[in-house]
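Below is one structure; the comments refer to it alone.
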Amino acid sequence: MKSILHNKNDRTCFLCMLLYDDDSYKQVLEEHHVFFGRALRKLSEKFGLKVYLCIPHHRLSKEAVHQNAQVSGMVQAYAQRTFEKKFPEKNFREIFGKNYIMDEIEENQEESEPVAGFTPISDGVEGMDW
């Protein structure tokens with residue numbers, strides 16, 4: 001299924017936009033299934049919960065979703081909120097087995113070093129309409 005979170009054809013990095021308001025064209029993007037592991041990856045694909053990331057934000061930097069639990073949690077919470085708006089008749093927790101919005105809040109309260117450009121979440125990231 002096409003992503004319900006991010007348009008691949010825009011050639012932008014989801015995290016560059018979210019963290020830095022950078023919507024510049026990216027030559028190379030990698031598809032990231034927001035919820036990963038065998039079963040969750042299939043569900044991410046089924047419901048369009050995937051984003052497109054530049055290589056540093058996918059795998060190689062301190063802000064990469066595969067390197068930083070805080071950034072990954074932020075994207076997962078965003079995906080859950082979007083899922084709940086798009087599919088109000090479905091129960092996210094029953095399908096995915098977890099409430100990522102609550103986990104995101106708890107993890108951010110425990111973090112000692114926030115990601116540059118990212119405010120620990122209480123009601124959301126400043127400037128983001130979640």
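The values are calculated or read from the model by the stated rules, or taken from the named source; none is laboratory data. A quick note: this is a predicted structure, and the numbers were derived from the prediction, not measured. Methodologically, a virtual Cβ is constructed for each residue, glycine included, from the backbone with ideal geometry; neighbour enumeration extends over all protein chains shown.
Remarks
- For beta carbons closer than 6 Å, sequence separation of 6+ or different chains, a first residue in region 1-14 that is closer than 26 Å to PRO88 by Cβ and a second that is part of a loop (DSSP other than H, G, I, E, B) and not aliphatic (A, V, I, L, M), the qualifying pairs are MET1/GLY48; LYS2/GLY48; SER3/GLY48; ILE4/GLY48; PHE14/HIS6.
- Of the helices (runs of 4 or more DSSP H) contained entirely in region 1-110, those carrying at least 2 residues that are modelled with pLDDT of 90 or more fall at 14-20, 38-47, 69-86, 92-96.
- Selection within region 23-39 - surrounded by 14 or more Cβ atoms within 10 Å (Cβ to Cβ) and more than 14 Å from the chain's Cα centre (by Cα): LYS26, LEU29
- Qualifying residue in region 49-61 (condition: among the aromatic types (Phe, Trp, Tyr), more than 12 Å from HIS6 (Cβ to Cβ) and out of contact with any Gly (no Cβ under 6 Å at 6 or more places or on another chain)): no
- The set of residues from region 40-65 being free of Cβ contacts under 8 Å to residues at least 40 places away in the same chain and farther than 18 Å from MET17 by Cα comprises ARG41, LYS42, SER44.
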